[in-house]
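S.K.: Please see the structure below; I have some questions.
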Amino acid sequence: MAYQDRYLEYLESVPEIATRCFAAGGGPVLAYTSNLDVVVTWNVDTFNAILDQYLKEEPSFTDEETIDNMEDFARIVSYFAIHGYGGEVEVTSKEVVEEMRRLFEYRYELGGTCAQGSAALGAMGMPVLTHITDQSAEVIEWLDYEGIESTKDGKRVPIRECVSGEAPLLHLIVQYPKGDKIRVGGKEYEIALSNRIIIDYDQVHKIMPVRRDFLDYLEEHAKKISSYDISGFNAIRDQEVLEGRIRELAGHYRVMKEKNPNVIIYFESAHYISSQIRDTLYDGIGEYMDIMGMNEEELEDLTKRKAHPVDKEDIESVLDGLDYVLELYPAKGIVMHSKDYALYYGEPMENVDIEMGLTLGNLMSGTRARIGRYGTREDCRKSLELDLSQIGLEFAKRLPQIRKKHTAILVPSRYMEKPRYTIGLGDTFVAGMQLCFARTFLNALS
């Protein structure tokens, strides 16, 4: 059966959902981390000059490597750019950060999955309760929408009341556009896909501090929460630190589920600096996950490391990879998002219109890719002028013909060959997903 386009229908449902969430005093929660991104303005000539000066060996990257100097920067970033890969790498040298700020023009943006997701929902007029780690004035400024709140002294307060006097945590973002030419050792390589690499100069998120007063507030008001989107674990490097965080949060998630069995715990994956950390985390909190979210690169990386590689150009191979992940980790389902489509694969979700979440996730992230900021409802409406992805349409057409172990729902994206922006698209997609859980929550109240 051909895909039926319901983008406009779902977009027009958002104002009512927002109004009812404000009235009910409930809705989505997004946690745990935030930072200030230093977004480099890409200049391929400047980047090639860096390679001419600092690249001493073939582009490469191995798991858990850090950028300790400009030679590492040249080798690792050229590897990601040539292949069109996205990812996240730690930088240990402040001199590298300063050199990048000297060589390139840059601007500041909001960083962190939950922070960007909160801002994306705020731009759509939705209330959201958020936990952030960087509460600097520079970060809070990006979150100052009506309805974005956090906790302070045991109470829910507007986010603007949570400003600290601390300096912001900086993450360097390098975006590279499809088609640009990179010179390596006399050879020229064309960037395969528009993407970005996140370079962290940040000690705080190695421990990912979580405020106990925030957790206590959630446990006391669990019935007011439609979904609980959790992320930010990916910068932790120490096994003992992670195990302590898992013990603390596993007990918290257990209480949340006891007090509100209908709350959806949505874990958004990421590029993990350490694959061992990732495996420990998934094993430790997997039983509490209703949904595990990831992009297609994260699925490729996870299955490849487990000796079960997938071909992302083949939807049947993608489903096989998702089957394998669901065997490894006890989530009820997986949401996978890509430039061409979004897919839910797992157990049927009673009374939840997953297609709505996938559609609004696609629309909100596509709008950010198109205009370079968090989109309003009117911005999203203009994105409907974009065509649906042909690959997404082909996958949707083929899906019913494939034998599947689980429920599969696929929504083609509105496609852009060369997006204006590649930062925070997955985070914005996750925000859109929360709207379908909010509607289920509101329907249950009425």
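The values are calculated or read from the model by the stated rules, or taken from the named source; none is laboratory data. Please read all numbers here as calculations on a predicted model, not as lab measurements. In this analysis, Cβ positions are derived from the backbone assuming ideal geometry, glycine residues included, and neighbour counts consider all displayed protein chains. When the accessible area is computed, the model is the full protein with side chains, heavy atoms only, and any ligands, DNA or RNA have been set aside. Shrake-Rupley method; radii C 1.70, N 1.55, O 1.52, S 1.80 Å.
S.K.: With both bridge residues required to lie in the chain, what share of the DSSP beta bridges run antiparallel, to the nearest 5%?
M.R.: For the chain, the DSSP antiparallel bridge percentage is about 50.
S.K.: Could you calculate the contour length gain from TYR189 to GLU99, that is, 0.36 nm times the residue separation minus the distance between their Cα atoms, to one decimal place in nm?
M.R.: 30.0 nm
S.K.: Add -39500 (n - 2.57) for each DSSP H run of 4 or more in the chain, then divide by its residues: what number comes out at 222 nm, to the nearest 500 deg cm²/dmol?
M.R.: -13000 deg cm²/dmol
S.K.: If the viscosity is 1.306 mPa s and the temperature 10 °C, what translational diffusion coefficient in µm²/s does Stokes-Einstein give for segment 93-245 when Rh comes from Kirkwood over Cα pairs?
M.R.: 88 µm²/s
S.K.: Still on this model: Suppose each label sits 7 Å from its Cα in the direction of the beta carbon; what would the ASP314-LYS418 distance come out to in nanometres?
M.R.: Placing both labels 7 Å beyond Cα along the Cβ direction yields 3.3 nm.
S.K.: Moving on to the next point. Using a probe radius of 1.4 Å on heavy atoms only, what accessible surface per residue do you get for segment 165-322? Whole Å² is fine.
M.R.: Details: 6390 Å² over 158 residues.
With all protein chains present, segment 165-322 gives 40 Å² per residue.
S.K.: A follow-up question, please. Given a Förster distance of 22 Å, report the FRET efficiency between ASN43 and THR92 from their Cβ-Cβ distance, rounded to the nearest 0.05.
M.R.: Efficiency at R0 = 22 Å is approximately 0.30.
S.K.: Next question. Based on DSSP, what percent of beta bridges with both residues in segment 1-113 are antiparallel, to the nearest 5? The partial results should precede the final answer.
M.R.: Working: 6 of 8 bridges.
Counting DSSP beta bridges with both partners in segment 1-113, the antiparallel share is about 75 percent.
S.K.: State the answer as a single residue: which of LEU281, SER231, VAL263 lies farthest towards the positive end of the charge dipole of segment 174-300, with beta carbon charges of +1 for Lys and Arg and -1 for Asp and Glu, about the Cα centre.
M.R.: Final value for the positive-end residue is SER231.
S.K.: Ordering GLU64, GLU149 by accessible area with a probe of 1.4 Å, largest first, what comes out?
M.R.: Putting GLU64, GLU149 in descending order of accessible area: GLU64, GLU149.
S.K.: Assuming R0 = 22 Å, what is the FRET efficiency of ARG211 and GLU161, from their Cβ-Cβ distance, to the nearest 0.05?
M.R.: Details: r = 14 Å, r/R0 = 0.65.
Computed FRET efficiency for ARG211 and GLU161 comes out at 0.95.
S.K.: I'm spelling it out carefully: the read-out is semi-axes √(5λ) of the Cα gyration tensor in Å, the candidates are (i) 38, 24, 20; (ii) 37, 31, 23; (iii) 32, 26, 22, and one was derived from this structure. Which label?
M.R.: The listed entry that was calculated here is (iii).
S.K.: Charges only on Cβ, +1 for Lys and Arg, -1 for Asp and Glu: so what's the dipole of segment 294-376 about the Cα centre, in debye to the nearest 20? Mind dumping the intermediate values first?
M.R.: Details: 9 positive and 17 negative charges, 120 e Å.
Magnitude of the dipole: close to 580 debye.
S.K.: Further question: Please compute the contact order of the chain in relative form: average sequence separation of alpha-carbon pairs under 8 Å and at least six residues apart, divided by the residue count, as a percent.
M.R.: 19 percent
S.K.: If r is the Cβ-Cβ distance from GLN276 to GLU248 and R0 is 25 Å, what FRET efficiency results, to the nearest 0.05? Each step should come with its number before you reach the end.
M.R.: On the way: r = 20 Å, r/R0 = 0.79.
For R0 = 25 Å, the calculated efficiency reads 0.80.
S.K.: I would also like to ask the following. Over segment 328-426, calculate the relative contact order: mean separation of alpha carbon pairs under 8 Å at least 6 apart, over the residue count, as a percent.
M.R.: Result for segment 328-426 is 39 percent.
S.K.: Show the residues, 5+ positions off or on another chain, whose built amide H is closer than 5 Å to the amide H of ASN295.
M.R.: Amide H to amide H, under 5 Å and 5 or more residues apart or across chains, ASN295 pairs with HIS337.
S.K.: With a 10 Å radius around each residue's Cβ, average the other Cβ atoms per peptide and rank 42-50, 313-321, 70-78, highest first. Display every interim value, and only then the final one.
M.R.: Values: 42-50: 15.6, 313-321: 18.4, 70-78: 21.3.
The most tightly packed comes first, giving 70-78, 313-321, 42-50.
S.K.: Go ahead and collect, in residue order, the members of segment 350-368 whose backbone nitrogen is under 17 Å from a label point 7 Å along the Cα-Cβ direction of ARG107.
M.R.: Zone members listed by number: 367-368.
S.K.: Report the charge-dipole magnitude of the chain in Debye, nearest 20, computed about the Cα centre from +1 at each Lys and Arg Cβ and -1 at each Asp and Glu Cβ.
M.R.: Computed charge dipole of the chain: roughly 1080 debye.
S.K.: For segment 288-446, give the magnitude of the charge dipole about the Cα centre (Cβ charges: +1 Lys/Arg, -1 Asp/Glu; no others), in debye to the nearest 20.
M.R.: Roughly 440 debye, rounded to the nearest 20.
S.K.: Of VAL318, TYR106, TYR345, which is farthest along the charge dipole of the chain in the positive direction, counting Lys and Arg as +1 and Asp and Glu as -1 at C-beta?
M.R.: Value: TYR345.
S.K.: Still on this structure, I have one more. Before I look further, what does segment 369-446 give for accessible area per residue, probe 1.4 Å, in whole square angstrom?
M.R.: Per residue, segment 369-446 has 49 Å² of solvent-accessible surface.
S.K.: Continuing with this model, one more query. Just want the answer: with Cβ charges of +1 for Lys and Arg and -1 for Asp and Glu, which residue in GLY87, LEU8, TRP142 is farthest toward the dipole's positive end in segment 1-155?
M.R.: Comparing the listed Cα positions along the dipole, LEU8 ranks first.
S.K.: Suppose the chain between ASP5 and ASN443 were pulled fully straight at 0.36 nm per residue; how much longer would it get relative to their current alpha carbon spacing?
M.R.: Net length gain for the segment: 155.3 nm.
S.K.: Search the structure for amide H atoms under 5 Å from the amide H of SER227, placed 1.01 Å from N in the peptide plane, and list their residues when 5 or more places away or on another chain.
M.R.: Result for SER227 returns VAL29, ILE264.
S.K.: Hey, what did segment 1-85 get for relative contact order, percent, Cα under 8 Å, at least 6 apart?
M.R.: The value is 19 percent.
S.K.: Roughly what would the spin-label model give for VAL255 and THR62, points 7 Å off Cα along C-beta, in nm?
M.R.: So the label points at VAL255 and THR62 sit 4.4 nm apart.
S.K.: Which cross-chain or sequence-distant (5 or more) residues have an amide H under 5 Å from the amide H of THR407, H modelled 1.01 Å from N in plane?
M.R.: It is GLY346, by chain and number.
S.K.: Sticking with this one: Given the pairs LYS312/LYS339; LYS155/LYS223; LYS257/LYS404; LYS178/LYS418; LYS56/LYS187; LYS257/LYS405, which are separated by over 18 angstrom at their Cα positions?
M.R.: Listed pairs above 18 Å: LYS257/LYS404; LYS257/LYS405.
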